[in-house]
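Engineer: Below: one structure in structure tokens.
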Amino acid sequence: MAALLEVRNLCKSFGGVAATDGVDLDVLTGELHAIIGPNGAGKTTLITQLSGAQKPDSGRIRFKGHGITRMPAYTRAKAGITRSFQITSLVLDMSVLDNVALAVQAHDGHSFRFLKPARKIAHIRDTARDWLQQVGLGDRVDAPTSELSHGEHRLMEIAIALASGAELMLLDEPMAGLGPDESARMVTFLKGIKGTKTILLIEHDMDAVFALADRISVLVYGKIIATGTPDEIRANADVRHAYLGEE
Amino acid sequence: MDYGLLFIQTLNGLQLGLLLFLVASGLTLVFGILDFVNLAHGSLYMLGAFICASLTYLTGNFLIAVVLALPATGALGYLLERFLVRSLYTRDHLDHVLATFGLILVLDTLTHLIWGPAGIAIPLPDWLDGQVEVLSGVVVPTFRLLIIAVGLATAAGLFWLVNYTRLGMLIRAGASNRTMVAALGIDIQTLFALVFALGAMLAGLAGMLVAPITEASIGMGNNIIITAFVVIIVGGIGSMKGAFVGALLIGLIDTLGRSFIDDLFKLFVESNTAETAGPAVSGMLIYILMAAILAVRPQGLFPPKVR
Amino acid sequence: MIGFGKSSWVTLAIMAILLVLPMVFYWNGNTFYLSLATRLTILAIAAVSLNLVLGYGGLISFGHAAYIGFGAYAVGIPTYHVFYGGAEGIATTNGLFQFGVAVGISALFALITGAISLRTKGVYFIMITMAFAQMAYYMFLSIEEYGGDDGLVIEVRSKLPLVDLDNPMELFVLSYVSLVVAMLMVRTIIHSRFGMVLQGAKGNNERMVTLGYNSYLYRLVAFTISGAMCGFAGALMGNFSSFISPEMMAWSRSGELMFMVILGGTATTLGPVLGSAVFIVVEEFMSSYTVYWHLPFGLMLIGIVLFVRGGLMGLLVGKGR
């Protein structure tokens, strides 16, 4: 299988502390690839460099065979990479549907269109509504985003990532702060979309990771110490030592 | 080129730069530490001048008046913080701007009510009123040298205060971590009020120093405040070093630009055009400089590390 | 906002009053109120244009008075050359040319200064827009030919087809129609796809960038449109006052414009108009009583910031920022 995303020797440090220290990573088309690692291992820093919010100090990133290392965030998004945020990042003063519609609109040609009311463009609104239906927020479409619960916000993040039409979804702890029931719902949902999208998942919830992932990479102090199937990772001595042993 | 004139204009530029630094340092302290945008900072500059004017006539001596006017301006700043500014910390910058915009109207009008509409000249003691020959054939007003000396001394004092004192440490800590300072049991409200008062004193001092040259007049603060903004934008908002470098840069470029840009233009275009374009361009020079610096460094020359 | 809610009815009612009341006064021989209403209407156009960036874009521009100045000088300078010679290329009283230049120059200034200012954010943006406006102020201040700080008298008003601007009623109607058009334009823009992106970037810029929007460009376009609209208001203002001076561009003027928007209620269609109306009427009322009117006025401004959230529209229809 071809690698959709190739990361080679990626480095990024903050004031002398290496947050990403020579990361090599291949995310294959269609797989659900999870990244696990203890707190402070540099998982979110890695995601921000992949999404383009931060620039790496050195190393390169290729997406679909093209170098994107220096590409600004919005161009990467257009090229087909989207991310969800660990700390919910939504437009709170807009409605739920507006938020998702903006994601649909983003890959529906440019938005320098000044005349037609955006809320009356049927195909955008319908598509957005479908995505919300899929994540189980079908009855909340017209609510102001600020009125939704934390769990619903997490689902919105997923709906937006899906609606943006990206081939590669970078999901930064989608289960963060969810209760057991909500987490289970999220796992079921991610299982459902697995295979239709390439997903790079960062997650602390080990049950979820081992239930979902095709492959897992373990990030410790900015380095990938192992990559493999869930069974391989479970059996890996280094991982047991560096990570699972501490639990 | 007339080197005597160049020397004098450089001194003038330095003087303007140091006055700007006094205003800008207070602005940058208040923004850096209190995260508060104070448009009315120029009004404190004006009030310093007026208070000093009254005290000069009361005491008969300009220097005594300055010594008395400084704590008076500081107290005024303290009261402003206590009764208005404090309730705005939780608001956004837009609210700061609007409220202090209203405050300018209030303070300007109060000044008008108290001191009348006309400007007030401040007489200098004889020994300050003369001129000194600093180089052969180059005479400079004594008072301008005093302004430069006071400006440099204040700058040195501020660097010492911010970098080597307990208050300075608190100030720097407060800038980077408000909750932490509060958690250490330090009365952050008093700290903030003191910082605001210090800023007021610095602006007031600048007003007192400039008033013997220009008179204390209503609205005098409203011009310098924008230039002070340009200074801290260029220097990096919240940075003391940036305020100093920015102030000298702006002071020198503005002064030298106004006196020499005509000549400079005449090298390239005919003199008529130069005389028309010269003043227009020299007035815009510092803004062009600001734009150029921002194009390269959107956070200014010395962006603060935190925030 | 869509359909006919409470705020739409309030908007229609107040716009109707703004149209009819000055006319009634005028036909009863009281010309003063028509003049007041004209000034108010012109400033309302400027406030509406500012609201596009300030209210819907979250971009706190503290330099919009500059565009009023550009617009007014775009009327004054060509007219000056008709009377005093020089600059044959632009010497004209043709209103279409003058208004065109007003809009064009303002758009250009907004484009250039916006391109630099929008690279920054927060308080930097406030101060930079302020400084650029001050730059324009000093520029006109130092051009002796056009009067410097003494200002410039506009000898004759713009010659336009259909309307005669020397007739106060026609000038008012033109201003009023322009205001309505400006309101509809902003309303159309903010409901469009472009407007959704602009508002999205106000609410959460990081999210918009992650979705693939180059929000810088969208903001720059909005800023340019806003500047152009404000320049149009400036051309009307030049015709209304028949006199221009750099003072029209001073930063306190920009502050007043901002206040009109906040006072009325940001990100509402009527807010800026309501804000301008109340601002101008209160200013007129207070200043006729005492020369010290800035004192109560300033206190009022502070009080509004402290206690009136969401502006007058918030009070009227219970919807604010």
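Engineer: Name the single residue, out of those in segment C:256-300 being of a type outside the set (A, V, I, L, M, F, W, C) and under 16 Å from B:Ile104 (Cβ atoms), that is farthest from the other protein chains (Cβ to nearest Cβ).
Structural biologist: Within segment C:256-300, the match that is farthest from the other protein chains (Cβ to nearest Cβ) is C:Glu283.
Engineer: Taking only pairs six or more apart or across chains, which ones have beta-carbon atoms under 9 Å, a first residue in segment A:189-200 that is under 8 Å from A:Leu168 (Cβ atoms) and in a strand (DSSP E or B), and a second residue that is among the hydroxyl-bearing types (Ser, Thr, Tyr) and modelled with pLDDT of 90 or more?
Structural biologist: Filtered contacts from segment A:189-200: A:Thr198/A:Thr29.
Engineer: Follow-up question, since we're still on this one. Identify the residue in segment B:71-94 that is more than 16 Å from B:Phe31 (Cβ to Cβ) and at the interface with chain C (Cβ under 9 Å from one of its Cβ atoms) and, among all such residues, is surrounded by the most Cβ atoms within 10 Å (Cβ to Cβ).
Structural biologist: Step by step, filter segment B:71-94, then rank; the result is B:Leu84.
Engineer: Name the pairs whose Cβ atoms lie under 7 Å apart, with the first residue in segment C:49-70 and outside any helix (DSSP H, G or I), the second of a type in the set (S, T, N, Q), and 6 or more positions between them or separate chains?
Structural biologist: C:Ser61/C:Thr129; C:Phe62/C:Thr129; C:Phe62/C:Ser254; C:Gly63/C:Thr129; C:Gly63/C:Ser254; C:His64/C:Ser254
Engineer: Anything in segment C:118-128 that is more than 8 Å from chain B (Cβ to nearest Cβ) and in a helix (DSSP H, G or I)? List them, or say none.
Structural biologist: Selection gives C:Phe125 alone.
Engineer: Need the failing condition index for B:Arg144 against (1) more than 26 Å from B:Leu194 (Cβ to Cβ); (2) basic (Lys, Arg); (3) surrounded by fewer than 14 Cβ atoms within 10 Å (Cβ to Cβ), just the number.
Structural biologist: The failed condition is (3).
Engineer: Quick one: is B:Val97 buried (at least 17 other Cβ atoms within 10 Å of the Cβ), facing chain C (nearest Cβ under 7 Å) and of a type outside the set (D, E, K, R)?
Structural biologist: It is true that B:Val97 is buried (at least 17 other Cβ atoms within 10 Å of the Cβ), facing chain C (nearest Cβ under 7 Å) and of a type outside the set (D, E, K, R).
Engineer: Just name the residue that is farthest from A:Ser51 (Cα to Cα) out of those in segment C:216-255 that are polar (S, T, N, Q) and either surrounded by fewer than 22 Cβ atoms within 10 Å (Cβ to Cβ) or more than 14 Å from chain A (Cβ to nearest Cβ) (or both).
Structural biologist: The residue in question is C:Ser242.
Engineer: Of the residues B:Val210, B:Val162, B:Val150, which is in a helix (DSSP H, G or I) and crowded, with 23+ Cβ neighbours inside 10 Å?
Structural biologist: B:Val210
Engineer: Can you name the condition, by its number, that A:Leu97 falls short on among (1) farther than 30 Å from A:Pro230 by Cα; (2) aliphatic (A, V, I, L, M); (3) in a loop (DSSP other than H, G, I, E, B)?
Structural biologist: Of everything listed in (1) farther than 30 Å from A:Pro230 by Cα; (2) aliphatic (A, V, I, L, M); (3) in a loop (DSSP other than H, G, I, E, B), A:Leu97 misses just condition (3).
Engineer: So for segment A:117-132 (the condition being surrounded by 15 or more Cβ atoms within 10 Å (Cβ to Cβ), on the phi < 0 side of the Ramachandran plot, small (Gly, Ala, Ser) and not in a helix (DSSP H, G or I)), does at least one residue qualify?
Structural biologist: no
Engineer: Hey, can you tell me all the residues within segment A:72-110 that are surrounded by fewer than 24 Cβ atoms within 10 Å (Cβ to Cβ) and small (Gly, Ala, Ser)?
Structural biologist: Listed by number, the residues that qualify are A:Ala73, A:Ala79, A:Gly80, A:Ser89, A:Ser95, A:Gly109.
Engineer: Now for a separate question. Filter segment B:269-301 for residues that are β-branched (Val, Ile, Thr) and more than 9 Å from chain C (Cβ to nearest Cβ) and give the result.
Structural biologist: Listed by number, the residues that qualify are B:Val269, B:Thr273, B:Ile293, B:Val296.
Engineer: With (1) in a loop (DSSP other than H, G, I, E, B); (2) within 14 Å of chain B (Cβ to nearest Cβ) as the list, and C:Val305 as the residue in question, which single condition is left unmet?
Structural biologist: Condition not satisfied by C:Val305: (1).
Engineer: For segment C:87-109, give me each residue that is within 14 Å of another protein chain (Cβ to nearest Cβ) and either under 15 Å from C:Gly238 (Cβ atoms) or part of a helix (DSSP H, G or I) (or both).
Structural biologist: Scanning segment C:87-109 gives a single hit, C:Phe109.
Engineer: Can B:Ile237 be described as closer than 21 Å to C:Gly63 by Cβ, under 19 Å from the mean Cα position of the chain (by Cα) and within 14 Å of chain C (Cβ to nearest Cβ)?
Structural biologist: So B:Ile237 fits the description; yes.
Engineer: Could I ask something else about it? Scan segment C:202-214 and report the pairs whose first residue is touching a residue at least 24 places away in the same chain (Cβ under 8 Å) and more than 7 Å from chain A (Cβ to nearest Cβ) and whose second residue is of a type in the set (Val, Ile, Thr) and outside any helix (DSSP H, G or I), with Cβ atoms within less than 9 Å and a gap of 6+ or a chain change.
Structural biologist: Every condition considered, the pairs that remain are C:Lys202/A:Val91.
Engineer: Given (1) surrounded by fewer than 16 Cβ atoms within 10 Å (Cβ to Cβ); (2) closer than 25 Å to B:Val37 by Cα, where does B:Gly130 come up short, assuming only one miss?
Structural biologist: All conditions are met except number (2).
Engineer: Give me a count of the residues in segment B:104-126 that are in a loop (DSSP other than H, G, I, E, B) and within 13 Å of chain C (Cβ to nearest Cβ).
Structural biologist: Qualifying residue count for the region: 2.
Engineer: Would you check which residues across segment C:129-155 are at the interface with chain B (Cβ under 8 Å from one of its Cβ atoms) and either among the β-branched types (Val, Ile, Thr) or assigned to a loop (DSSP other than H, G, I, E, B) (or both) and list them?
Structural biologist: Hit for segment C:129-155 is C:Ile143, nothing else.
Engineer: What about A:Leu50, is it more than 8 Å from chain C (Cβ to nearest Cβ), more than 16 Å from C:Arg193 (Cβ to Cβ) and not in a loop (DSSP other than H, G, I, E, B)?
Structural biologist: Yes: the conditions hold for A:Leu50.
The values are calculated or read from the model by the stated rules, or taken from the named source; none is laboratory data. Since the structure is predicted, the reported quantities are computational estimates derived from the model, not experimental observations. Cβ coordinates were reconstructed from backbone atoms using ideal geometry, including for glycine residues, and neighbour counts include every protein chain displayed.
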